[in-house]
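Asks: What follows is a structure written as structure tokens; I'll ask about it next.
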Amino acid sequence: MKKLLYSFLLLSSAALVAQQKASPKFAIADHAIGTVDMFNAKKSSVQVLKVYGTLASLPQNLKKYSKLFTKGVTEYKFKDGKNIFDTMSLAEINTQHGISQDTSVFIDGVEFNDTTTLIYPQIKKKTEEKMHNGKKTLFISTTE
């Protein structure tokens, strides 16, 4: 019985770790959403401005993203003030997919109604068009 319980605990722990690794930590720079991994890959051009560990600690300018930043967020600043990444609004991405600009977009299961929200297109690992509330809707995944 102990072996069975031990095996169950071991498998549960492995599943939990896998789930945590599959969910990237989000970051923000220049009012656009990215991922920590994306910015860390360009460390020579960016620096960490501040890490917010809880939703309560978010400053007012980041609160509109709070539903995405459930695990906290890292705010980055571009060195020399030069943004090295392209940005796109969710409305522009909708247009690329032949979807109405004002249609909500889902990022990792979180619905964004404000399609003026900017993202770094590099975070899009997978995009799918699905029907949601009777409308063709874009679903963006930051993991493959």
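The values are calculated or read from the model by the stated rules, or taken from the named source; none is laboratory data. A quick note: this is a predicted structure, and the numbers were derived from the prediction, not measured. Cβ placement follows ideal geometry from the backbone for every residue including glycine, while neighbour counts extend to all protein chains displayed. These accessible areas exclude ligands, DNA and RNA; they are computed on the full protein's heavy atoms, side chains included. Shrake-Rupley method; radii C 1.70, N 1.55, O 1.52, S 1.80 Å.
Asks: Stretched out fully, how many nm does the piece from MET131 to LYS42 gain, at 0.36 nm a residue minus the Cα gap?
Replies: Using 0.36 nm per residue and subtracting the Cα-Cα distance, I get 28.4 nm.
Asks: Moving on. Using only protein heavy atoms and a 1.4 Å probe, report how much of ASP108 is accessible, in Å² to the nearest 10.
Replies: 60
Asks: Let me ask something else about it. Can you spot the aspartates and glutamates whose alpha carbon is less than 12 Å from LYS125's alpha carbon? Ignore those fewer than 8 places along the same chain.
Replies: ASP108, GLU144
Asks: Can you run phi through the Karplus equation (6.51, -1.76, 1.60; θ = phi - 60°) for the range 68-76 and list ³J(HN,Hα) in whole Hz, with x for Gly and Pro?
Replies: 8, 8, 5, 9, x, 8, 10, 9, 10
Asks: Taking the Cα centre of the range 52-144 as origin, sum charge times position over the Cβ atoms of Lys and Arg (+1) and Asp and Glu (-1), and report the length of that vector in debye to the nearest 20.
Replies: 200
Asks: Filter LYS71/LYS126; LYS71/LYS135; LYS64/LYS130; LYS79/LYS136; LYS77/LYS136; LYS43/LYS136 down to the pairs with a C-alpha to C-alpha distance above 28 Å, please.
Replies: Pairs exceeding 28 Å: LYS71/LYS135; LYS79/LYS136; LYS77/LYS136; LYS43/LYS136.
Asks: Trypsin sites (Lys or Arg not before Pro), restricted to the range 81-144: which are DSSP loop and have at most 14 other Cβ atoms within 10 Å?
Replies: Answer in residue order: LYS82, LYS125.
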